[in-house]
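The values are calculated or read from the model by the stated rules, or taken from the named source; none is laboratory data. This structure is a prediction, so every number in the text was calculated from the model and none was measured. Neighbour counts run over all protein chains shown; Cβ positions are idealised from the backbone, glycine included. Calculation scope for accessible area: heavy atoms of the full protein, side chains included, ligands and nucleic acids excluded. Shrake-Rupley method; radii C 1.70, N 1.55, O 1.52, S 1.80 Å.
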Amino acid sequence: MSVLLSLDWELSEEGYTCQVVVPEEVFFTVAAAGILENLLILIAVVRNKNLHLPMYFFICSLAISDMLGSLYKTLENIFIILCKMGYLTRHGDFEKKLDDAMDSMFILSLLGSIFSLLAIAADRYITIFYALRYHNIMTLRRALVILAIIWAFCAGSSIAIALFSYEAATVIPFTILFPLMMFFILCLYVHMFLLARTHAKKIASLPSTIHHRTNMKGAITLTIFLGVFLCCWAPFVLHILLARFCPHNPYCACYMSIFHVNGTLIMCNAIINPMIFAFRSPELRSTFKKMFYCSRSKCSW
């Protein structure tokens, strides 16, 4: 089996470290909350036609990635519990296929989150610096094509990486991809804010100032997304790399003892992102209020 699911058993069997265990009640509560919150985002965008915009479609893509991350950790935890109870074995063919499926889901969630953040960053960049041409550049059809390409690439990559996870030629590109994409997005942010600062004085007296401030608010929101994503995903990605390249090193084993904590952080990301959506987007807040407090006859969608 690959390192993602077998690590917990290896550590326990060889006994060189103790696992920091997250209570199952807390684990499943966090997972359920993350899935439900992101499901609400999807429902809100579908029901409110004012949200049928490229930016919100990219946000929905990020929400789907978050849901997959929470679902992956939930299913993985269930399978580990079943293995400890003796209902599943470690080296069976069924368990290996199950493990590969879980690995694919994890990689799909990670890649989906990275490329969704990249799409949102590119959308904000076009909105800020090509505002007059934005609706011609980023049409709804193009946004859907971009999302289709992203998810097709992520699905194919996740299957390939999961099937050939033992090969160095597969692990090394995956190892490089995460920091490389984060560095690229960070450079895009720096470039975005430097140009925005340069143009701020030039457009201060123009009627488009309010529009510019709105776009900068979107860029700030995206920066918050990126910070939360790094804090929640980086520990688990580091965990995977250590499990692959130095599983028997005492220092690596010490870090890998917080396997469940790092997994819980992924699910916390799925909880935090919808809160950021709701806090930063008045249109989403209004939609949520209609969903929760308005009767169907009074609400207009």
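Some notes on this structure:
- Test for F129: is it more than 24 Å from the chain's Cα centre (by Cα), open to solvent by 20 Å² or more (accessible area, probe 1.4 Å), closer than 24 Å to T223 by Cβ and modelled with pLDDT of 75 or more: yes
- Meets criteria (modelled with pLDDT under 75, among the aliphatic types (A, V, I, L, M) and within 30 Å of D100 (Cα to Cα)) for A169: yes
- Within region 43-62, tally of residues that are under 24 Å from H135 (Cβ atoms) and either in contact with an Asp or Glu (Cβ under 8 Å, 6 or more places away or on another chain) or of a type in the set (A, V, I, L, M) (or both): 12
- Considering region 275-287, and only residues there that are at pLDDT 80 or above and not β-branched (V, I, T), the residue that is surrounded by the fewest Cβ atoms within 10 Å (Cβ to Cβ) turns out to be P282.
- All of (1) touching a helix residue (DSSP H, G or I) at 6+ places or on another chain (Cβ under 8 Å); (2) closer than 22 Å to N273 by Cα; (3) modelled with pLDDT under 80 hold for F164 with one exception: (2).
- Test: residue in region 32-49 that is open to solvent by 20 Å² or more (accessible area, probe 1.4 Å) and more than 21 Å from the chain's Cα centre (by Cα): yes
- Boolean, L71 is of a type outside the set (S, T, N, Q), open to solvent by 60 Å² or more (accessible area, probe 1.4 Å), modelled with pLDDT of 80 or more and under 25 Å from Y293 (Cα atoms): no
- Single residue of region 243-274 satisfying the filter (of a type in the set (V, I, T) and under 19 Å from A32 (Cα atoms)) that is modelled with the lowest pLDDT: I266
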